[in-house]
Amino acid sequence: MATTTPALEGTNELDRTHSTVQFAIRHVGVSTFRGSFADLEARLIIEDDAASLEASAVVESISIGEPPEFRDHVVRGSDFFAADAHPRISFHSTRVELAENGTATIDGVLDIRGIQRPVTAAGTFTPPTQDPFGNTRLGFALEAVVDRRNWGMDWQMPLPAGGDALGWDVKITAQLELTKSR
């Protein structure tokens, strides 16, 4: 970690109300399908000039609602998340770098469907500030692009005019607001 101040030291828990994790993927080459996870957990621990970030999402909390057959195919089906066998997606950092200019780079391992692959998320870090209720809060805006095939999600259909029905690259964005534990 590039910088540490006393205000950063300790455990910081996710504010689930003010945080989002979303994904986006190209659909039939004409639009970008977006989804999010409602049931999130995350914790940032900073001790002795080292930081670690752990996060997870419940697959069943994915924002796909209708039609039910499509939701079941994506959430429970073996082509995508296989939630019955793998109900959580998780991430744990291997390196957290918070630079003085506000940039953040977090290397870690993303576990989807029981398959673990390295991922780097980059973005910005907002240093601690006091909220109106006396809590200390900090934030991250992070982004990573992953190839879904690396986690066994290789469903595809060719389009009649050429190309693929679903993109291989998935953009994951996280807006995380964390509150320092008292």
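Observations on the structure shown:
- Using the Cβ-Cβ distance between GLU9 and ARG182 with R0 = 22 Å, the FRET efficiency computed as 1/(1 + (r/R0)^6) comes to roughly 0.95.
- Accessible area of the chain belonging to carbon and sulfur atoms, whole % at 1.4 Å probe: 53 percent
- Convex hull volume per residue for the range 15-69, taking Cα atoms only, in Å³: 115 Å³
- With protein chains left intact and a 1.4 Å probe, residues in the range 5-142 average 53 Å² of accessible area per residue.
- Cα shape, the range 111-170, gyration tensor, a/c 1.5 rule: prolate
- Extending 7 Å from Cα along the Cβ direction at ALA99 and again at ASP147 yields two label points whose distance is 2.7 nm.
- In a simple Cβ point-charge model (Lys, Arg +1; Asp, Glu -1; nothing else charged), the range 35-148 has a dipole of about 140 debye relative to its Cα centre.
- Put simply, the C-alpha atoms of the range 75-120 give a gyration tensor, and the ellipsoid matching it has half-axes of 29, 9, 7 Å, longest first.
- In range of the label at GLU41: residues from the range 67-111 whose backbone nitrogen is under 16 Å from the point 7 Å along Cα→Cβ: 86-93, 111
- Per-pair calculated FRET efficiency, R0 = 45 Å: GLN130 and ARG88 via Cβ, rounded to 0.05: 0.85
- Distance-filtered residues of the range 141-182 - backbone nitrogen under 19 Å, label point 7 angstrom along SER78 Cα→Cβ: 149-157
- Correct option for Rg and Dmax of the Cα atoms in Å [calculated from the coordinates] among (i) 15.9, 49; (ii) 15.3, 46; (iii) 17.7, 59: (iii)
- Additional length obtainable on full extension of the chain from ALA122 to LYS171, 0.36 nm per residue less Cα span: 16.5 nm
- Computed extension length for GLN22-ASP48: 6.2 nm, one decimal, from 0.36 nm per residue of separation with the Cα-Cα distance subtracted.
The values are calculated or read from the model by the stated rules, or taken from the named source; none is laboratory data. Owing to the predicted nature of the structure, the values given are computational and were not obtained by experimental measurement. FYI the Cβ positions are ideal-geometry reconstructions off the backbone, even for glycines, and counts take in every protein chain you see. Side chains are part of the model used for accessible areas, which takes the heavy atoms of the whole protein and leaves out ligands, DNA and RNA. Shrake-Rupley method; radii C 1.70, N 1.55, O 1.52, S 1.80 Å.
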